[in-house]
Amino acid sequence: MTSLHGGDTTSAVLQSDPDGLTLMLGRFSPQEETPVHNHNSWGIACVVQGRDRYRHWEVGEDGRLRILYEKELGPGSFVTWLDPPRDIHSQQGIDEPALELVLFGKNVMTIPRNYYNPNTGEVKTALSQ
Ligand SMILES: [Fe+2]
């Protein structure tokens, strides 16, 4: 597992198909929330162990980022997101690390992500933060 998003959250690619379909195992730290980010791909995240506070964000008509919904996920619970611009989210384990299987429509490890600052509206593009 290697660091993802520059923090205590880690991930490992389990399989990546030639057409881009990519399955990852993610470990979301309870210590800190991931930055608000996207993957430039649709995705499905299913918790296999622990609990995750998933926040889904959207860019409003005023150009500001806001939380569209927030969900607590336990083992077997999942969320889905669509292609950009509807793929913006942040996650944090609750009390303990949350282990999740995340399926992406593209090989997201080779596609730069957007990192959003909800307070300033600043957007940075990077493969890792
Ligand atoms: Fe993500």
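Laboratory data are not the source of any read-out in this text; all were calculated from the coordinates shown. Every value quoted in this text rests on a predicted model; they were computed, and no experiment measured them. In this analysis, Cβ positions are derived from the backbone assuming ideal geometry, glycine residues included, and neighbour counts consider all displayed protein chains.
Using Cβ counts within 10 Å as a stand-in for footprinting exposure, how do Met24, Met1 rank, fewest first? Present the calculation step by step, with values, prior to reporting the outcome.
Values: Met24 22, Met1 11.
By the 10 Å Cβ count, ascending: Met1, Met24.
How much length, in nm to one decimal, is gained on full extension between Leu14 and Thr110, taken as 0.36 nm per residue of separation minus their Cα-Cα distance? Walk me through the numbers before you get to the answer.
Working: separation 96, 0.36 × 96 = 34.56 nm, distance 1.47 nm.
Taking Leu14 through Thr110 to full extension adds about 33.1 nm, to one decimal.
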- Item | Charge sum, other residues only, whose C-beta stays under 15 Å from Glu72's C-beta, Lys/Arg counted +1 and Asp/Glu -1 | -2
- Message: Using the Cα atoms of region 1-118, I'd like the radius of gyration and the largest Cα-Cα distance, Dmax, both in angstrom.
- Response: 13.3, 39
- Message: Need one number: nm distance between label points at Arg66 and Leu127, each 7 Å from Cα along Cα→Cβ, rounded to one decimal.
- Response: 3.7 nm
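Could you compute the longest span of the chain free of trypsin sites (Lys or Arg not before Pro) located in DSSP loops and having at most 15 other Cβ atoms within 10 Å, not counting the site residues? Before the final figure, lay out each step's value.
Details: sites that count: Arg64, Arg86.
Counting at most 15 other Cβ atoms within 10 Å as exposed, the longest clean stretch of the chain is 1-63.
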